[in-house]
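Everything below concerns the one structure shown next.
The values are calculated or read from the model by the stated rules, or taken from the named source; none is laboratory data. Worth saying up front: this structure is predicted, and the values here are computed from it rather than measured. Using ideal geometry, Cβ is built from the backbone for each residue, glycine included, and neighbour counts are taken over all protein chains shown.
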Amino acid sequence: MINTTHKKLKFTALALAVSFGLSGCFLEGDDGSDGINGAEGAQGPQGPEGEQGQTGEQGPSGERSGVLTRIATVPDGAEVTGIFLTDAGDLFFNVQHPSGTNTATNDTNAVPINTGTVGVLAGVNFNNLPATLVDSPVPSSQQERETVMSAYGEYQVLGQTGDTFNGMLPAGLGHIYTLDNKTLILENDMPDFNGFVSTGNDEGYLFSNWEELPGGMSRMKIEKDEKGTWTVSEAMMLDFSPVWGTAANCFGSMTPWNTPLTSEEWVVDSSVDSTTDADWNDPDEIASNSRLGRMWDLTAPDASNPYKYGYIAEVTDAVAANPVIVKHFTLGRYEHENATVMPDGKTVYLSQDDTGGVFFKFVADTAEDLSAGTLYGAKLVQDLGQNDPATTGFDVTWVEIASGDNATIQAWINEYDGIGTDDYVEGQSSYITMADVQAWVDGDATYPTEADGGGAVTAGDPMDDRVAFLESRAAAKLKGATAEWRKLEGISINHDRAKEAVEGVDLIDDEIVTDAYLYIGIADIDNTMTDNEGDMQLSARVKDCGGVYRARLGENYDISRIEPVVMGSTYRSSLTGAERCDVNNLSQPDNVIVMKDGRILIGEDGFQENNTLWMYQPAAD
């Protein structure tokens, strides 16, 4: 474009020069009008393109990782147990064995949390949480260290050890009595699993395990008002006397047909290379071992039978005035953490919380009926050339142990009734021995005699399959399954995600789920997992900080591989207390829950002064 102002100035200067040159004087006249803008000239041709500069080096790829968010912390001395998320988004969890010196109170209840506590995060729907979350702070003040701190909702105490609920439960919540309900054996401050059976909108029954020897299970009828606050209208401790009482009810799950499964964890004096019961009727052991002694007190004056404990029990009529309880011997006898039933109603995965434990699978003969089926143990093959827990996975095949049914197994169990302390002989056993297990694995026609190391009850008798169901870990190991897990804790799926991925049923809104996983918590990655022997030979880098694994659910809900998902930080053995595991990473994860949106909730049982309830968003595949 031509600059018309510049053109006008040049013309005026020329006119003045001519005027002065002709007349020697200056005559001022009117300004002339601006001329018409000239047409824009054509654009010139584009110059040649310069040479392209040298491409820079590509930066390093971002690390593929998920996101941990601290949802809540529990008071000093406690672990996070009993995580349960209802379909309506209500999140229950418990405070197990908090310090008895805690005096601070939460705003919601104004009661100190210094004993076993069952509670809920009130006023929030955990199924509607935002994608981006904030962390609850690491407690710093005494008030924060002695109460439940939460990033969402407010922790409402529903019940604590010994609560009578204004006389509804005179015996006290969590208190364990003899089978005749006359003598108090134990005041239990260790609530664990929660399971909820809905009876309508914002109401239902909350079942809670009480993990001690002997153990128990409570049921509270609870209702939620329009503000999200809960009230307890009924409370009871379930009557386990028809199934001879129970032992250390640990974690659990709800079946697809909406019944609670409770797990008997502690089997006294178990070890990797022996059966569990040689000293059960040793009078000196009973006198010196308080837990074993309490199991004898439970059944007094009758002789205690070890094979009546160590199973998965189902509450088959959960909402009845007197719930019906069935122990499923078919799922094996060992230190059960929990059993999780797949949506097919037949396939069950089971964890053994012990040193040198086995990962078990059970397949029922009939859907929604766990009374008969086949028990399997997992055989692991570790990734070649790998040993770091954060990257090392395992291929899985299944070793068949045996098939059985509850009625047959119970008849075997009954053969051990009436064995008392007067039957104990030093160096011998009235119960199943490792020689018996080996004879069964070898396919012998009869059990060995007592002189050959056999148990007194079956000495010289024809062989049967009782070993598989009464000493399941020993049987699985000698059959070839991997018996090297260390504190194999909670296992969990989301039933809707699993069913959609495996069966193609559309159950998840706004998402098509093609891959669903079974998640597995491991509190300690040490001992038999890191001893450079057998199938599992991991490094001890993570050690007691633990981690979470997952297994993709394949056709018929089978799994063929287990891989790490998120691990605790590097274990610092030179430090003490909470500092051994980083407060901003996992510290001995215990129970896990899978949410409908694919995130997982993880409860800690670790070194931290205040253990954490984490939410983990797995990395995108």
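Do we find that V363 is free of Cβ contacts under 8 Å to residues at least 60 places away in the same chain and touching an Asp or Glu at 6+ places or on another chain (Cβ under 6 Å) in this structure? Here the answer is no, as V363 does not meet what is asked. Taking the stated definitions as given, is L261 among the hydrophobic types (A, V, I, L, M, F, W, C), buried (at least 18 other Cβ atoms within 10 Å of the Cβ) and in a helix (DSSP H, G or I)? So L261 does not fit the description; no.
Going by what's in this entry, would T259 be described as in contact with an Asp or Glu (Cβ under 7 Å, 6 or more places away or on another chain), more than 17 Å from N322 (Cβ to Cβ) and at pLDDT 95 or above? No, not satisfied. Filter region 476-517 for residues that are modelled with pLDDT of 95 or more, β-branched (V, I, T) and farther than 22 Å from M254 by Cα and give the result. Correct list: T482 only. Report whether or not S136 is out of contact with any Ser or Thr (no Cβ under 9 Å at 6 or more places or on another chain) and either at pLDDT below 95 or in a loop (DSSP other than H, G, I, E, B) (or both). No: the conditions fail for S136. Applying a threshold of 6 Å to beta carbon distances and a minimum spacing of six or more residues, or different chains, the list of pairs starting in region 191-216 at a residue that is closer than 16 Å to L261 by Cβ and ending at one that is surrounded by fewer than 24 Cβ atoms within 10 Å (Cβ to Cβ) and of a type in the set (K, R) reads Y205/R219; Y205/K221; F207/R219.
No other residue among L350, L380 is buried (at least 21 other Cβ atoms within 10 Å of the Cβ) and not in a loop (DSSP other than H, G, I, E, B) apart from L350.
Return a yes/no flag: does region 304-322 have any residue that is surrounded by fewer than 21 Cβ atoms within 10 Å (Cβ to Cβ), within 27 Å of T183 (Cβ to Cβ) and not hydrophobic (A, V, I, L, M, F, W, C). Looking through region 304-322, at least one residue is surrounded by fewer than 21 Cβ atoms within 10 Å (Cβ to Cβ), within 27 Å of T183 (Cβ to Cβ) and not hydrophobic (A, V, I, L, M, F, W, C).
Residues in region 77-90 that are in a loop (DSSP other than H, G, I, E, B) and surrounded by fewer than 22 Cβ atoms within 10 Å (Cβ to Cβ) were compared, and the one that is nearest to the chain's Cα centre (by Cα) is T86. A search for C-beta distances below 6 Å between a residue of region 439-451 that is closer than 22 Å to G427 by Cβ and at pLDDT 95 or above and any residue that is among the acidic types (D, E) and in a helix (DSSP H, G or I), counting only pairs 6+ apart in sequence or on different chains, returns Y447/D436.
For G228, indicate whether it is touching a residue at least 40 places away in the same chain (Cβ under 8 Å) and either surrounded by fewer than 17 Cβ atoms within 10 Å (Cβ to Cβ) or part of a loop (DSSP other than H, G, I, E, B) (or both). Answer is yes for this residue.
When we screen R497, R466 for residues that are basic (K, R) and within 21 Å of the chain's Cα centre (by Cα), the only hit is R497. Among the residues of region 151-174, those identified as part of a loop (DSSP other than H, G, I, E, B), within 27 Å of the chain's Cα centre (by Cα) and in contact (Cβ under 8 Å) with a residue 60 or more places away in the chain are A151, Y152, G153, L173, G174.
Note on region 604-621: among residues that are of a type in the set (A, V, I, L, M) and at pLDDT 90 or above, the one that is farthest from V74 (Cα to Cα) is M615.
For region 442-465, filtering for residues that are charged (D, E, K, R) and within 26 Å of V396 (Cα to Cα) leaves 2.
Taking the listed residues A287, A235, A247, the one that is modelled with pLDDT of 95 or more, in a loop (DSSP other than H, G, I, E, B), more than 12 Å from V315 (Cβ to Cβ) and not hydroxyl-bearing (S, T, Y) is A247, with no other qualifying. V197 meets all of the listed conditions (1) in a strand (DSSP E or B); (2) aliphatic (A, V, I, L, M); (3) closer than 17 Å to T612 by Cα but one, namely (3).
With the structure loaded, tell me whether A278 is crowded, with 16+ Cβ neighbours inside 10 Å, over 25 Å from the mean Cα position of the chain (by Cα) and under 30 Å from G89 (Cα atoms) or whether it fails that test. The answer is no for A278.
A quick yes/no check of all residues on (1) small (G, A, S); (2) touching a Leu at 6+ places or on another chain (Cβ under 7 Å):
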site: N305; (1), (2): no, no
site: G332; (1), (2): yes, yes
site: A339; (1), (2): yes, yes
site: E368; (1), (2): no, no
site: G373; (1), (2): yes, no
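Condition test on D496, is it part of a loop (DSSP other than H, G, I, E, B) and either within 20 Å of E400 (Cβ to Cβ) or of a type in the set (D, E, K, R) (or both)? No: the conditions fail for D496.
Just wondering, is there one or more residues in region 382-395 that are within 28 Å of the chain's Cα centre (by Cα), modelled with pLDDT of 95 or more and of a type in the set (V, I, T)? Yes, that holds for at least one residue.
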